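Here's the structure, in structure tokens; my notes come after.
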Amino acid sequence: MIQSSKELEVGQFVKSRAGRDKERVFIVVEIIDEHYVHVADGDLRKLEKPKKKKVKHLNKLDLVSAEVKDKALSDMKLNNALLRKEVEKAGLI
């Protein structure tokens, strides 16, 4: 798994700039390559079926969930409740 794509990293909060989910806040759960990432929020987009998004269609927010990052990089099990909690805790809903 690639850990960063340009300036995005696993656990990074992002806001969608395009598509049906425009203006919605997600967390980067996987870096596919330098152009694509998988994002999820635990609500509309669950971890079981994360959204594949182009990096250029995302606005990077200056916030990274350390808990999500640590669990993702140490191969611990992430869950939808954790993602929802982190987005709510960040006050980005």
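Return yes when residue 44 is assigned to a strand (DSSP E or B) and either surrounded by 12 or more Cβ atoms within 10 Å (Cβ to Cβ) or modelled with pLDDT of 90 or more (or both) and no when it is not. So residue 44 fails the test. Annotation: residue 81 fulfils all but one of (1) surrounded by 15 or more Cβ atoms within 10 Å (Cβ to Cβ); (2) assigned to a helix (DSSP H, G or I); (3) of a type outside the set (Asp, Glu); the unmet one is (1).
A count restricted to the stretch 8-29 and to residues that are touching a residue at least 12 places away in the same chain (Cβ under 8 Å) and either assigned to a loop (DSSP other than H, G, I, E, B) or farther than 26 Å from residue 73 by Cβ (or both) stands at 7. Residues of the stretch 46-78 that are under 20 Å from residue 24 (Cα atoms), touching a helix residue (DSSP H, G or I) at 6+ places or on another chain (Cβ under 9 Å) and of a type outside the set (A, V, I, L, M, F, W, C): 46, 48, 65.
Condition check ((1) among the acidic types (Asp, Glu); (2) touching a Lys or Arg at 6+ places or on another chain (Cβ under 8 Å)) across all residues:
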| residue | (1), (2) |
| --- | --- |
| 8 | no, yes |
| 23 | yes, yes |
| 26 | no, yes |
| 30 | yes, no |
| 35 | no, yes |
| 59 | no, yes |
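Can you find a residue that is in a loop (DSSP other than H, G, I, E, B), in contact (Cβ under 8 Å) with a residue 24 or more places away in the chain and surrounded by 11 or more Cβ atoms within 10 Å (Cβ to Cβ) anywhere in the stretch 49-58? There is no residue in the stretch 49-58 that is in a loop (DSSP other than H, G, I, E, B), in contact (Cβ under 8 Å) with a residue 24 or more places away in the chain and surrounded by 11 or more Cβ atoms within 10 Å (Cβ to Cβ).
Here residue 87 meets the list (1) in a strand (DSSP E or B); (2) aliphatic (A, V, I, L, M); (3) touching a residue at least 60 places away in the same chain (Cβ under 8 Å) almost entirely, failing just condition (1). Among the numbered conditions (1) within 13 Å of residue 11 (Cα to Cα); (2) out of contact with any His (no Cβ under 9 Å at 6 or more places or on another chain), the only one that residue 31 does not meet is (2).
The values are calculated or read from the model by the stated rules, or taken from the named source; none is laboratory data. Since we're looking at a predicted model, the values are computed, not measured. Here Cβ is always computed from backbone atoms with ideal geometry, including for glycine, and neighbour counts include all displayed protein chains.
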